[in-house]
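Here is the structure we will look at.
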Amino acid sequence: MPERDDRWAMFVRAELQFSSYAEQIMGMPALRKRYWTGADVRSIIDESRHWPRYELLDGELLVTPAPTPAHQIAIATLFTRLFEYCERENLGIALMSPADIQLAPETIMQPDIFVVPNDVVPANEPLRWPHVSRLLLAVEVLSPSTLRQDRVAKRDFYLANGVEEYWIVDTNARIIERWTPSRDTPDIRPAELVWRPQGSSTSFLLDVPAFFQSNRALVPRS
């Protein structure tokens, strides 16, 4: 019996040691994702190609694939309207990505459409990306691959870093969401979008249903 007890005691000690070791293994931290820097991301950007689009936010590399035709037409249509309005009101310059906008250290952002205010556009030299420290407006057209980024991460970033308005164009729901730093919820615009930035003499008006109806990639051909 004593022999059996000794063997049992040895077995218990062995089991306890194994259990303790297993707990240590299970408690080890998971491998951390790579933390990207601005230099890392710029080293992989191919300026001769528009896609994929690379952005950097909170150390995370955001990769956007080529857009759908409906996405491109929505961007082109809205950009044309905004460009003409900004020129007429002398507010600044409306542009489209690809871009290299750094609104905060170690970030690279490329909104689908954006408006650079006149006060950051240099008078005696060409506009370059390092000049762009503030935006009047940033616009993202939703796609399935970027939905969460556009609605949460990018929205929070833009509104916290000097962007006066952020619009989300939802081609599926056919609405436009307006976000401003003073709002906790979006201003949903299913019928008409009105934008009256400071310094303008007239408002930018967009008939939202007509805007989506004009997108031939969204409307089935008869």
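The values are calculated or read from the model by the stated rules, or taken from the named source; none is laboratory data. In this text the structure is predicted, and so the values were computed from the model without any measurement. Cβ placement follows ideal geometry from the backbone for every residue including glycine, while neighbour counts extend to all protein chains displayed. In case anyone asks, the SASA skips ligands and DNA or RNA and just uses the protein heavy atoms, side chains included. Shrake-Rupley method; radii C 1.70, N 1.55, O 1.52, S 1.80 Å.
Could you list, in sequence order, the residues of region 111-127 that are modelled with pLDDT under 95, under 22 Å from Leu56 (Cβ atoms) and part of a loop (DSSP other than H, G, I, E, B)? Answer for region 111-127, where residues must be modelled with pLDDT under 95, under 22 Å from Leu56 (Cβ atoms) and part of a loop (DSSP other than H, G, I, E, B): just Leu127. The set of residues from region 173-194 being touching a residue at least 24 places away in the same chain (Cβ under 8 Å) and open to solvent by 70 Å² or more (accessible area, probe 1.4 Å) comprises just one member, Arg174.
For region 195-215, filtered to residues that are assigned to a loop (DSSP other than H, G, I, E, B) and at pLDDT below 95, the residue that is most open to solvent (accessible area, probe 1.4 Å) is Gln198.
Here Ala173, Ala138 are screened, and the one residue that is out of contact with any His (no Cβ under 6 Å at 6 or more places or on another chain) and either polar (S, T, N, Q) or in a strand (DSSP E or B) (or both) is Ala138.
On the stretch given as region 135-172, residues that are surrounded by fewer than 16 Cβ atoms within 10 Å (Cβ to Cβ) and modelled with pLDDT under 95 total 7.
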